[in-house]
Amino acid sequence: MGRVVANGSLPFPMAVCAALLWLPLLASPSAAEPTFPDGFSATVFADGVGRARHIAVRDNGDLYVALRGGGGIVALRDENKDGLADRQETLAAETDTGIAVRGSHLYFSSESAVYRVPLAANELLPSGEIETVVEGFPQQRSHSSKAFALDDVGGLYVNVGAPSNACQEQDRSTGSPGLSPCPLLENHAGIWRFEADRLGQTFAEGQRFATGVRNAVAIAWDSESRSLYLVQHGRDQLHDNWPVLYTAEDSAALPAEELHRVTEGLNAGWPYTYWDPHRNERMVAPEYGGNGRTPAEAGKYAPPLIAFPAHWAPNGLVFYDGEAFPPQYRNGAFIAFHGSWNRTPLSQEGFNVVFLPFTDGQPAQNYQIFADGFAGPRAPASPREAEYRPMGLAVGPDGALFISDSTRGRIWRVTYAE
């Protein structure tokens with residue numbers, strides 16, 4: 001039922017979406033041909049599953065897909081072990097982006113709560129009662145995803161994005177100054193910690209673990225270094241809102257998307273600052289008196305571990321704990337970039353998956369494009385023109401890497417053979 005992508009040759013989509021015993025759903029043809037490094041290949045594990053966001057894999061290989069907009073959770077199983085899903089079921093639930101497996105429970109989030117449901121042995125679709133772990137998160141129109149990560153000792157870390165670009169008096173308006181202090185930092189723009197195994201918690205009971213994080217959809221726990229990491233979305237519209245200070249080209253190339261190791265008390269600088277990857281320096285935001293040449297106060301805000309190109313939109317992060325890939329991939333991070341809308345007049349970029357080596361919890365300074373070509377043969381003028389947009393990442397028990405696409409609902413399974 002599936003077709004193989006061998007070292008970057010991807011065929012047109014196959015019909016692999018179905019109900020319980022898999023009835024085909026034909027997708028429109030695609031010219032996108034994702035490419036991978038030598039030795040790697042991919043199969044279309046499933047297709048047309050819906051508005052796929054984050055994904056999680058159980059220790060038996062079952063894959064769970066969170067659908068945006070309350071579309072529920074799609075459960076996929078490869079029953080004959082040929083690397084292709086041949087069984088699909090859907091759990092009706094209020095969902096958005098976050099999903100994870102912890103022990104015998106499947107955790108998932110909506111825009112306002114985190115839930116869990118028990119997973120019985122050999123059960124693909126959870127049949128138990130959905131339980132509320134945390135509720136009462138702020139309702140917001142923008143950056144509303146409550147992406148989350150679970151640590152190894154019972155911690156639940158939830159992203160609460162800023163419902164704003166730069167905390168201006170009038171959001172996204174030319175010349176509007178920033179509110180000082182920014183009131184949004186009280187209940188937004190940070191990471192909140194809760195207890196993963198305690199039900200009935202409220203947002204008000206959570207610990208504000210980190211602040212100054214504009215929005216971190218890509219968030220993950222690394223068991224090797226026992227640390228939490230995130231890649232945050234940088235702010236927009238430096239030229240639109242401050243045309244005297246920034247050219248359109250400046251705005252397309254600034255600021256960086258920032259990778260941080262999240263320790264308690266981290267301040268990543270939003271909205272008062274941004275990271276300039278060309279100057280390799282944290283700068284004062286124009287809303288707070290900066291002019292593109294004014295460094296932020298030294299030592300007050302955390303520098304990123306790695307600065308990725310502007311407006312690539314990091315949406316997925318996973319640490320590779322498998323053994324099926326070559327040794328250089330062990331314990332490194334894969335990051336899925338979804339592509340953004342505001343790189344004009346430069347070409348749209350992102351729409352890829354990068355690999356970043358790690359050693360003892362510290363990333364290398366150079367990353368590699370691991371998977372590319374999702375958007376199609378031509379650079380899209382806008383994200384809506386991209387044929388596929390990488391979104392979620394997960395590592396299977398056999399060491400395969402799964403990549404979800406939010407546009408056509410495709411799931412790839414990436415493997416390696418010498």
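Numbers below:
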| item | result |
| --- | --- |
| Distant alpha-carbon pairs in segment 253-332 (separation over 21 angstrom), percent | 38 |
| Mean Cα-pair separation over length for the chain, i.e. relative contact order, pairs under 8 Å, 6 or more apart, % | 15 |
| Cα-derived Rg to Rh of segment 31-156, Kirkwood definition | 0.99 |
| Fraction in percent of alpha-carbon pairs per bin - 10 Å, segment 366-418 | 22, 47, 27, 5 |
| Whole-Å distance, taken between Cα centres, linking segment 333-389 and segment 288-324 | 15 |
| Order of Ser110, Ser173 under a 10 Å beta carbon neighbour criterion, fewest first | Ser173, Ser110 |
| Cα pair distances of segment 75-233 binned at 5 Å [whole percent] | 2, 9, 16, 19, 17, 14, 10, 6, 4, 2, 1, 0, 0 |
| Cα principal axis extents for the chain, largest first, Å | 62, 49, 39 |
| Inter-label distance, nm, simple model (7 Å from Cα along the C-beta direction), Asn60/Arg384 | 4.3 |
| Cα centroid of segment 38-56 to Cα centroid of segment 140-194, whole Å | 30 |
| Mean projected area (nm²) of the alpha-carbon convex hull when segment 232-293 is viewed from all directions | 4.2 |
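Bear in mind these aren't lab numbers, they're just calculated from the coordinates by the rules spelled out. Just so it is clear, the structure is predicted and the values come from calculations on it, not from any experiment. When we count neighbours, we look across all protein chains shown, and the Cβ atoms used for this are built from the backbone with ideal geometry, even at glycine.
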